[in-house]
Amino acid sequence: VEAEAGFAPDNFLYFFDILAENIWQRVAVFGNTAKADYLVHRIREREAEAKQMARDKGALSDEALDALGRKFEYRRAAAELSLKDSNLEKVTRMQVDGFSFDNEYFKLIDSERGEVEKRIDHLSKEISDARAEKDNSKLEYSIKEMEKSRKEFDTLSERESKFHLTLESAAQRFEDTLTGAEKAKILFNRIEWEEKKRSDASDAIWKSLLK
């Protein structure tokens, strides 16, 4: 279930919202399982905030990456708490849900990059047409727009690389907390769950066709 976003990262109250969450988790939530569940809910909020910032400011804006960075930290902390109770199924569920969200978010990034690439292609044609028509005013405008678009593309590429590094770093920090047996069990659980999801999706398709 997708949670609603709290205060957005571009709101000056966001810092206090995060501070209040951290204090509440430390002083008012007891037991590893309860603390992990609390963090999972906070993860859903961070994901909703990242999506909101993606819509408002771009999927790779500072505000969106801020929410995502906190989400990765919460996911690692929740997994570590679950491992203390040997709850590998909860850890697996967090991984599966996390991968699902990450893949969905990559599509947002690809879409933004695709829009800039389309704009660059369009401007290339505009520049060629302006040169052929010897329209200096149109040529000057198109070249300026091309420079802006290329700069935007370079910035997106740089931020995307940093985002991938953040993902890899978060995954590695989590992997470092697991024993070999835990890694194997989580992998086995994940394969089982993914197969069940595919089976359920296939069943749903057949049921809809038979109606």
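Below is a table of values for the structure above.
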quantity: Per-residue [θ]222 nm for the chain (sum of -39500 (n - 2.57) over DSSP H runs n ≥ 4, rounded to 500); calculated: -31000 deg cm²/dmol
quantity: Sum of side-chain charges, LEU156 neighbourhood, beta-carbon under 9 Å (Lys, Arg +1; Asp, Glu -1); calculated: -3
quantity: Apportionment of accessible area to carbon and sulfur, the stretch 11-151, percent (1.4 Å); calculated: 52 percent
quantity: For the stretch 142-147, 3J(HN,Hα) per residue [Karplus equation, 6.51 cos²θ - 1.76 cosθ + 1.60, θ = phi - 60°, Hz, x = Gly/Pro]; calculated: 5, 5, 4, 5, 5, 4
quantity: Selection from ALA34, ALA50, PHE101, by position along the positive dipole direction of the stretch 16-133 (Cβ); calculated: ALA34
quantity: Lysine pair count for the stretch 5-104 [Cα-Cα under 27 Å; pairs on different chains or 8 or more apart]; calculated: 9
quantity: Charge dipole magnitude, Cβ of K and R +1, D and E -1 - the stretch 1-126, Cα centre, debye nearest 20; calculated: 360 debye
quantity: Loop-located trypsin sites (Lys or Arg not before Pro) in the stretch 129-167 whose Cβ has at most 15 other Cβ within 10 Å (DSSP); calculated: LYS134
quantity: At R0 = 30 Å, FRET efficiency that the Cβ-Cβ distance of LYS84 and GLN172 yields, to 0.05; calculated: 0.90
quantity: Size of charge dipole - the stretch 68-147 - debye, nearest 20, with Cβ of Lys, Arg +1 and Asp, Glu -1, no other charges; calculated: 320 debye
quantity: For the stretch 94-103, 3J(HN,Hα) per residue [Karplus equation, 6.51 cos²θ - 1.76 cosθ + 1.60, θ = phi - 60°, Hz, x = Gly/Pro]; calculated: 5, 5, 4, 4, x, 4, 4, 5, 4, 5
quantity: Simple Cβ-charge dipole of the chain, Lys/Arg +1 and Asp/Glu -1, about Cα centre, in debye nearest 20; calculated: 440 debye
quantity: Net lengthening on full extension, ARG26/HIS41 (0.36 nm per residue, minus Cα-Cα); calculated: 3.9 nm
quantity: Theoretical gain in end-to-end length, PHE188 to TYR141 [0.36 nm per residue, Cα-Cα removed]; calculated: 11.2 nm
quantity: The chain - accessible surface per residue (Å², probe 1.4 Å); calculated: 62 Å²
quantity: J(HN,Hα) series, the stretch 153-167, from Karplus relation 6.51 cos²θ - 1.76 cosθ + 1.60, nearest Hz, glycine and proline x; calculated: 5, 5, 5, 4, 5, 5, 5, 5, 4, 5, 5, 5, 5, 4, 4
quantity: Choice from ASP66, ASP37, ASP129 showing the highest fluctuation, given a GNM over the chain with Cα pairs closer than 10 Å; calculated: ASP129
quantity: Most fluctuating residue given options MET53, MET146, MET94, as computed from a GNM of the chain linking Cα atoms under 10 Å; calculated: MET146
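The values are calculated or read from the model by the stated rules, or taken from the named source; none is laboratory data. Nothing here was measured: the structure is a model prediction, and the numbers come from that model. Cβ atoms come from the backbone with ideal geometry, glycine included; neighbour counts cover every protein chain shown. Surface accessibility is based on the protein's heavy atoms, side chains included, excluding ligands, DNA and RNA. Shrake-Rupley method; radii C 1.70, N 1.55, O 1.52, S 1.80 Å.
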